[in-house]
Each structure stands twice: as structure tokens, then as C-alpha cells.
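The structure appears right after this line, and notes come after that.
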Amino acid sequence: MSRARLTREQIAERSALELPDGAYVNLGWGIPNLIASYVPADVTVYFHSENGILGMGPRAKPGEEDFDLVDAMKVPVTLLPGGAYFSQDDAHVMTRGGHLDICILGGLQVSARGDLANWRVPGAKGAGGIGGAMDISVGAQKLIVTMEHTAKDGSPKIVSTCSYPLTAIECVDTIITDVAVLDVTPEGLVLREVAPGFTPEEVQALTEPKLRYSVHVPVMALKPR
Amino acid sequence: MTYRIIAEHIYRAIRDKNPEIAKMTLREKVFPTIDAVVADIPDGATIMFGGFGGAGFPNNLIQGLARQGARDLGVISNNCGTGEGELGILFKNNQIRRVVAAFPGPGAKYFQEQFDAGKIELELVPQGILCERMRAFGAGIPAFFSPVGVGTEVARGKEERLIRGKRYILEQALGADYAFIRAYRADHMGNLIYRKAARNFNPIMATAAKSTIVEVEEILATGALDPEAIITPSIFVDRIVQAPGKRYV
């Protein structure tokens, strides 16, 4: 039985399956930024960028960059037919006002009740920065967090209570990691899927709060590689 | 007594014996040079700077302010420069004391140096709330309740209220003495259009400062812009200067 955890690309591939046809979507930094490449062929979604773009297309080809058309990570991108430009306040009318169907952000910690910490590691040098994550977390119709299941030192990133500075409280709906898909419910965390080669008990051992799961937890459907 | 801010540059130019500016009419907004348009920015002023992700920064005005040398400035901006580029030069020159920002940024070398040395007073604000606080100021709303930051360190010291069963915190409107912005085209009245994602914070800031100074790629005759396409109407613009866009990596 394979024990390898999913790669960042595989987490992105699995996350892309959460996107319904026609959804308006914001993708954050890190793993979420990889998801656009894995949207299934029969699904069309519209990407939002908080600097004032809706209908954002792929990265601009080398030589075709327009540096007035960049995403939130400063990368030159393109605009698809039907796309629109607007100001930063209108971009956040969309985030905070609940107009975006799905937002996918990276995470440092997620708590059992769906609190998210993703903007600052305690004790880190420098001033830190919040960016748009707090507005996005509060306003998303559905918030998915993608991250590795455990920190580099092996400690759980899915915790009973976040010890890192919070981005927003009770905001996360789904967590997709390198070993599992979990949903935050009023009854607690529910284990929806496990990565190939992992058992629910093994996922539980890597998770601080108690997980609820059925007798047969499905294995994530991923392309063989 | 209402003080017409539009005449301020004339008054100051006469006082400072700057004949080129002093001969401008009261309604004239187009300035001849970058240095002339920032000449009277006083020490201690609070200034908003547009720009995001390398696009829409008023880099010529920033360079002009670096040459002009005003000190003890307050800055309201999404981020704090990239190396010496964008706002970086003002931090390098030790011209800035106070910062309100959403994401000072990993590339903000000179900001970080000054911040680590304890020379900068910093208020970190969620990006959408930074927008909304300025929008509120420009619209005459002194404060508003917001769900963003509830239960986080952003809520510290702010009034919290339960409205229809949900928790909100009170955010204060945010204004400034000046807004330095970048647009694509202006007409002589000060109507503005922007280009693609270079619009970002610029139109909001234009509404929230006592005096808005805009650098543009091109200045057209009044009436040359399509009224249906104007993003910032001229009432929000006080001074205009033509300068080619500059970009920093």
C-alpha cells in the first residue's frame, strides 16, 4: 500500500473537483494558485482577482505581458471574453458582500469549528501583512482551505483551537490536505475522503480534534501518475 | 467659511514666489512639471498612494516627493514599496513616520529596515476594509460596522455590536491631506480613465483626500473623453500632471 502523501499539484487537482460549473471563484496564494490548471474540461468558472478583475484568464505568454494586467501575485495574466475591470473597493464588494461562490485559500491552522489562521506565524520577523484574506474569508459563500495536513515538525495543522493569529472565525467549510478531505459541520469535523493508501485512523492520528467518519470513507479520485 | 482647496496652489505659489504656478487661473488644474505639482507638500502631511501589484503606482509623483524632501509623512497605501521602487525611495530617504497598509510586502526592504528600527508607526488593515474606510470618508460616512476581523487582532480596541444576530466591529473612515494617484488619461477638467488592473485603489483615494494629485499618460482636451466611460469625475481631481508610466520589478 502506497504511503506517499499527495503532492501540492495533487491537492490542487482534487480541489478543482469542488468547483461547480458557472461559479465565481477567488484563488489565494500558494496551493490554491495551482488549481486553475486543473479545472475539469466540462466546467467553466470565472476567476476574480481582488485588484479588480473578473474573468481572469491564464498567465500571459512570454513577450505578450501587459504589466497593467496582473493578478494579486503581480503575475501578468490575460482577460477572457466577458471579463471586466473595476476598482479595488468594488472587488471587495464582491468578496465581503457574499457574491463569490467559492474562495480557496492556503492555511497555517484551521480549528475544529472552522476558524482560519493564515496570515502570520507567531514570532516571525517583520511587520507581516493581511492582504485580502480577511475580507475573502468572511464573505465567501463557501470557503475551502488547502494545505499540508501537518506542519514541517509533524505537528497537526488541524487543531482544537488555533494558536496562530486568526484570519477569521468560523469561516472554513472544507479542508483539503495531502491526506484527506474534511468538512466543518456544526457537529464537528467530518472526514469525507482519504488520500490513496491512508486509513481514517491514520488521518485521525495526524489531526488534533476528534473526527467523525462512516465505516467506509471513500478514497480520493485522482488521475494516476 | 469654506476654503477652496483648488486655490491653495496659487496662494502658495504667490507666497513662495513661483511665477509659473502663480499665473495659473483658479480653475486650471494642469501643472507644468512633476516638481511643480508636489512643491508645496508640507512636512507632516498624510498622503494616500494608489497602486497594486506593480500597476497603477504614481511613481513619477513619488520620485518628485523624494526630490522635494518633505518629512514626517503619513502614508496610506496597500503596500510599502519594492526595493527603491514605488514607495521604497521615501522609506530609504527616511521621509515616512506613519503607515496604514494592508500588505507592506516581502519586497519592501527599506520599510522593513525602518520598521525593525522602531522608526515607523504601523497600522495593518484588511485590504477591503482599507478600501471601504476611504470610500466612507469620501462619501461623508464617519464610521461603519463590518464583519471583517471579528474575533481577530484587527478587532482590538474597536466597539463590537450584535446586529441581527451577527457580530460586527466599528471601523472609522479614513481620509488624507493628499492623494497621489496614477490614471491613464485625463482631460483638462480632471475627468479620468484608467487602464486595466492599474485602476485598483486610485479612484477610491481620489474621493478621500483634501487634494488629489494625478499623474497621467496623456492629457486630452475637455470633452474628448466619453462621458459614459469616465471613472473618476473631475470634481475629485485637483491637480494634473503628464508623465510617462514607470514600473519597478
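Every number here is computed from the coordinates shown, using simple stated rules; none is lab data. Fair warning: this is a prediction, and the values are worked out from it, not measured in the lab. Cβ: placed from backbone, ideal geometry, glycine included. Neighbour counts: every protein chain shown.
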Discussion item. What lysines does residue B:109 reach when the alpha-carbon gap must be under 26 Å and sequence neighbours fewer than 8 apart in one chain are set aside?
Written reply: A:74, A:125, B:92, B:119, B:246
Discussion item. Sorted from largest to smallest, which semi-axis lengths in Å does the alpha carbon gyration tensor of the range A:8-212 give for its equivalent ellipsoid, taking the root of 5 times each eigenvalue?
Written reply: 29, 19, 16
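Mind putting a number on the dipole of the range A:23-169 about its Cα centre? Charges go on the C-beta only, +1 for Lys and Arg and -1 for Asp and Glu, and I need it in Debye to the nearest 20. List each step's numbers first, then the result.
Details: 10 positive and 14 negative charges, 116 e Å.
The dipole of the range A:23-169 has a size of about 560 debye.
Using a 10 Å cut-off around each Cβ of peptide B:105-112, what is the average number of partner chain Cβ atoms that fall inside? Display every interim value, and only then the final one.
Details: counts 5, 2, 1, 3, 0, 0, 2, 3.
Per-residue shielding by partner chains comes out at 2.
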Item to complete: Using R₀ = 22 Å, calculate the FRET efficiency as 1/(1 + (r/R₀)^6) where r is the Cβ-Cβ separation of residue A:212 and residue A:42; round to 0.05.
Response: 0.10
Worksheet item: Measuring from label point to label point, each 7 Å out along Cα→Cβ, what is the residue B:224 to residue A:80 span in nm?
Response: 3.7 nm
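Which net charge results when you count Lys and Arg as +1 and Asp and Glu as -1 among the other residues whose beta-carbon is under 15 Å from that of residue B:35?
Numbers: positive: B:12, B:67, B:239; negative: B:16, B:20, B:40, B:215.
Around residue B:35, the charge tally is -1.
Could you please tell me the mean projected area of the C-alpha convex hull for chain B, averaged over all directions and given in square nanometres to one decimal?
Numbers: hull surface 59.7 nm².
With every direction weighted equally, the projected area is 14.9 nm².
What are the equivalent ellipsoid semi-axes of the range A:6-124, built from the alpha-carbon gyration tensor (square roots of five times its eigenvalues), in whole angstrom, biggest first? Let's see the in-between values first.
Numbers: eigenvalues 108, 63, 52 Å².
Listed largest to smallest, the semi-axes of the range A:6-124 are 23, 18, 16 Å.
Please compute the contact order of chain B in relative form: average sequence separation of alpha-carbon pairs under 8 Å and at least six residues apart, divided by the residue count, as a percent.
Values: 550 pairs, mean separation 52.9, N = 249.
Relative contact order, chain B: 21 percent.
Calculated from DSSP H runs of 4 or more alone, at -39500 (n - 2.57) each and per residue, what is the 222 nm mean residue ellipticity of chain B, nearest 500?
On the way: 8 runs with 58 residues, N = 249.
Per the formula, -6000 deg cm²/dmol.
Just counting partner chain Cβ atoms within 10 Å, what average do the residues of peptide A:133-142 show around their Cβ? If you can, show how the numbers build up before the last one.
Values: counts 6, 13, 12, 4, 5, 7, 3, 0, 0, 0.
What the average comes to for A:133-142 is 5.
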Discussion item. Along its three principal axes, how long is the range B:127-172 when you only count alpha carbons? Whole Å, largest extent first please.
Written reply: 28, 22, 16
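Using a/c under 1.5 as the rounded threshold, could you call the range B:184-249 rounded, prolate or oblate? The axes a ≥ b ≥ c are square roots of the C-alpha gyration tensor eigenvalues, and prolate needs a/b larger than b/c, oblate otherwise. The partial results should precede the final answer.
Values: a/c = 1.38, a/b = 1.16, b/c = 1.20.
It is rounded, given that a/c, with a ≥ b ≥ c, falls under 1.5.
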Response to the item:
Classified through the alpha carbon gyration tensor (a ≥ b ≥ c as square roots of its eigenvalues; rounded if a/c is under 1.5, else prolate when a/b is larger than b/c, else oblate), the range B:1-147 comes out oblate
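Just checking the output field for B:141-152: average partner chain Cβ neighbours within 10 Å of each residue's Cβ?
On the way: counts 0, 0, 0, 0, 0, 4, 10, 14, 9, 6, 7, 12.
The shielding value for this peptide is 5.
Please label the shape of the protein assembly as shown as rounded, prolate or oblate, based on the square roots a ≥ b ≥ c of the eigenvalues of the alpha-carbon gyration tensor (a/c under 1.5 means rounded; beyond that, a/b larger than b/c means prolate, else oblate). Could the numbers behind the result be given before it?
Details: a/c = 2.31, a/b = 1.95, b/c = 1.18.
Here the protein assembly as shown falls in the prolate category.
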Response to the item:
Percent antiparallel among DSSP beta bridges confined to the range A:8-212, rounded to 5, stands at 55 percent
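DSSP loop GluC sites (Glu not before Pro) in the range A:10-75 with at most 16 other Cβ atoms within 10 Å of their Cβ, which ones? Each step should come with its number before you reach the end.
Details: sites: A:13, A:18, A:50, A:64, A:65; in loops: A:18, A:50, A:64, A:65.
Qualifying residues, ordered by number: A:64, A:65.
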Worksheet, complete the sentence: Summed over the other residues with a beta carbon less than 9 angstrom from that of residue B:216, with K and R at +1 and D and E at -1, the charge totals -1
Practice prompt. Please identify every one of the trypsin sites (Lys or Arg not before Pro) in the range A:92-164 that sits in a loop by DSSP and has no more than 15 other beta carbons within 10 Å of its own beta carbon.
Written response: A:125, A:152
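Take every DSSP beta bridge with both residues inside the protein assembly as shown and express the antiparallel ones as a percent of the total, to the nearest 5.
Details: 33 of 81 bridges.
Among the beta bridges of the protein assembly as shown, antiparallel pairing accounts for roughly 40 percent.
For residue A:150, what is the net charge nearby, where nearby means another residue's Cβ is under 15 Å from its Cβ and Lys, Arg count +1, Asp, Glu -1?
On the way: positive: A:3, A:5, A:8, A:152, A:157; negative: A:148, A:153, A:178, A:202, A:208.
For residues surrounding residue A:150, the net value is 0.
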Worksheet entry | DSSP-defined antiparallel bridges as percent of all bridges, chain B, nearest 5 | 30 percent
